[in-house]
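Chemist: Before I ask anything, let me first share the structure, which is written out below as structure tokens.
The values are calculated or read from the model by the stated rules, or taken from the named source; none is laboratory data. Just so you know, these numbers come straight off a predicted model, no measurement behind them. With ideal geometry, Cβ positions are generated from the backbone for all residues, glycine too; neighbour counts draw on all protein chains shown. Surface areas here come from the heavy atoms of the whole protein model, side chains and all, with no ligands, DNA or RNA. Shrake-Rupley method; radii C 1.70, N 1.55, O 1.52, S 1.80 Å.
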Amino acid sequence: MSHTTRPEEPLSDLLIDGTWLAGEGPPLTRQSPADGSIVWNGHQANTDQAHAAIVSATHASLAWAARPAADRVAIVRRFGELLTSRRDAFADCISQQVGKPAWEAATEVATSIAKVDVSITAMLQRSATTRQELAGFEAVGRYRPLGVMLVLGPFNFPLHLPGGQIIPALLAGNTVVFKPSELAPAIGPMLVQTWQAAGLPAGVINLLQGGADVATAAIDHPQTAGVLFTGSRRVGVAIHRQLAGRPEVLLALEMGGNNPLVVADARPVDAAIDLAIQSAFLSSGQRCTCARRLIVIDSPENRKFVERLAAAIPRIRCGLPDADPPPFCGPLVSPAAADKVLATQETLLRKGGIPQVRARRDTACQSLVSPGLIDMTAAAADDEECFGPLLQLQWVDDFDAAILAANATRFGLAAGLVGGSTEDFTRFRREVRAGVINWNRQTTGASGRLAFGGTGESGNHRPAGYFAADFCSDPVASLESDRLVPPASLLPGLEDTQP
Ligand SMILES: NC(=O)C1=CN([C@@H]2O[C@H](COP(=O)(O)OP(=O)(O)OC[C@H]3O[C@@H](n4cnc5c(N)ncnc54)[C@H](O)[C@@H]3O)[C@@H](O)[C@H]2O)C=CC1
Ligand SMILES: O=C(O)CCC(=O)N[C@@H](CCC(=O)O)C(=O)O
């Protein structure tokens, strides 16, 4: 049975104050990473339109914030129902825009639907009003929205990751301006149209299209109260610089990683191979949580594991998103992204890396690159995120060396330990610097029921996931009494102030 209900066609590129408009900036065209066909043809917003979106969200702010929380929850729940009824259309769109295999695009939609309940629970738990009786007063802690939240989405989870910020922002009573990645523009109209259909009033959600210029124009607007960014370290730093001197603007940066997967003991070997593949090559390596460095403690068993992993990697099925049988790895987001991965591989080899399995470009699809494994033990690796299916192997002598190697990064998003004792894992989670630290579990596929964010250069201490509720509202502390009571005694020096 198909779950598809196609939403009506969007009227145009942008949604500002409830009206669909054509973008008045440069053209924005998107080609399918699978076959180069045009999968979006429109225009970016210009600066005036970027500002108009913020102004529209500002005007809608007071009324939306004043609505009872139950109203906002009801609209969010309705959004979840509509997303469910449109799940196939959303999955098709994700797959078409970014090249995700059909099965994986469907899992992204399922996670996005699950985000609704998780976000409601998180808001109720993390932003609940608190009351304490003090002498003659009540101490009340309440939360209030910030105002206009600008959500800048990445390409790799074009629905789920912006959704993980938009839903908590709206629940808390903020209004939103959403700019999807320019590599996945078609998600934007589908998503905001679904919000409209769920009953969101005009101006509460607005849509911009475009890249850096549109984002910087919207960030610049004085009414922008928060910028919720998911993307690369380079761009996150640029936004941080742009906001220098505006500490009142909330900035949540969810950025990249150079994530270690440490193998202490790869037994059972089949499980360890599957865990390593799912850590490094899920989404063709295009997850911020993907393991980039496989740090293996030298032992005869672990040598067998690496041999078998190297034999398994070329057998990973790679192919076009809707191929039958389905591929594990689909195309990268663009031929340029594939170029970057292959160029990184060349750099690693020049630096002394020894290929165990070479990543190779598909002869028919320019964006499709098969996974690679390079032994960097005797080479000097750069501490850079390679956003694709390339895993760097490093042999170490013992657990101490493994922890040192794991921490040899300025990033700190995800880390994993395979095997080892409870004491080993206790030490690992205490000493390894990362925000997501797993044991005998792949580094990818973080739980939405936990905080999701990185330390070091992966973030700015504003984790998303379950904790996204925290950056969507400000606490307000009130000492309250419904009666004005004369003082029981006067402080020294005030004796003559009473009539
Ligand atoms: N920590 C996390 O939760 C996650 C991090 N990522 C990271 O995202 C990256 C991949 O996503 P991409 O879309 O390639 O990231 P990106 O940094 O290229 O773009 C992200 C967004 O920023 C916008 N942007 C580009 N230049 C800008 C500027 N100067 N000012 C403001 N906004 C600008 C883009 O248009 C896009 O909407 C990887 O580094 C990955 O690790 C991806 C998913 C999750
Ligand atoms: O917010 C959540 O629900 C949890 C975060 C999450 O879904 N993370 C995914 C994708 C993030 C990425 O790597 O791009 C994951 O851990 O695989």
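Chemist: Looking only at region 256-281, which residues are open to solvent by less than 10 Å² (accessible area, probe 1.4 Å) and either within 14 Å of ligand 2 (Cβ to nearest atom) or β-branched (Val, Ile, Thr) (or both)?
Modeler: Result: 256, 257, 258, 259, 261, 262, 263, 279, 280, 281.
Chemist: Also, quick follow-up: Just checking, how many residues over region 390-426 are within 25 Å of residue 349 (Cα to Cα) and over 25 Å from the mean Cα position of the chain (by Cα)?
Modeler: Matching residues across region 390-426 total 10.
Chemist: Is it the case that some residue within region 128-144 is modelled with pLDDT of 95 or more, within 16 Å of ligand 2 (Cβ to nearest atom) and in the same structural domain as residue 215 (by TED's automatic domain parsing)?
Modeler: The answer is no, given that none of the residues of region 128-144 is modelled with pLDDT of 95 or more, within 16 Å of ligand 2 (Cβ to nearest atom) and in the same structural domain as residue 215 (by TED's automatic domain parsing).
Chemist: A further question follows. Condition (residue is under 17 Å from residue 417 (Cβ atoms) and not in a helix (DSSP H, G or I)) applied to region 307-318: is it met by at least one residue? Reasoning before the result, please.
Modeler: Start the filter on region 307-318 by keeping residues that are under 17 Å from residue 417 (Cβ atoms), which leaves 309.
The next check asks that each one be not in a helix (DSSP H, G or I); those that pass are none.
Checked against the condition, which is being under 17 Å from residue 417 (Cβ atoms) and not in a helix (DSSP H, G or I), region 307-318 yields no hits at all.
Chemist: Kindly establish whether residue 377 is at pLDDT 95 or above, under 26 Å from the mean Cα position of the chain (by Cα) and hydroxyl-bearing (Ser, Thr, Tyr).
Modeler: No: the conditions fail for residue 377.
Chemist: Being over 30 Å from residue 439 (Cβ atoms) and either surrounded by 15 or more Cβ atoms within 10 Å (Cβ to Cβ) or without any contact (Cβ under 8 Å) to a residue 24 or more places away in the chain (or both) is the requirement here; does residue 233 meet it?
Modeler: When the stated conditions are applied, residue 233 does not pass them.
Chemist: Between 414, 408, 402, 434, which is touching a residue at least 60 places away in the same chain (Cβ under 8 Å) and open to solvent by 10 Å² or more (accessible area, probe 1.4 Å)?
Modeler: Being touching a residue at least 60 places away in the same chain (Cβ under 8 Å) and open to solvent by 10 Å² or more (accessible area, probe 1.4 Å) holds for just one of 414, 408, 402, 434, which is 434.
Chemist: Tell me, yes or no, whether region 228-247 has at least one residue that is at pLDDT 95 or above, under 20 Å from residue 157 (Cβ atoms), among the β-branched types (Val, Ile, Thr) and not assigned by TED's automatic domain parsing to the domain that holds residue 39.
Modeler: no
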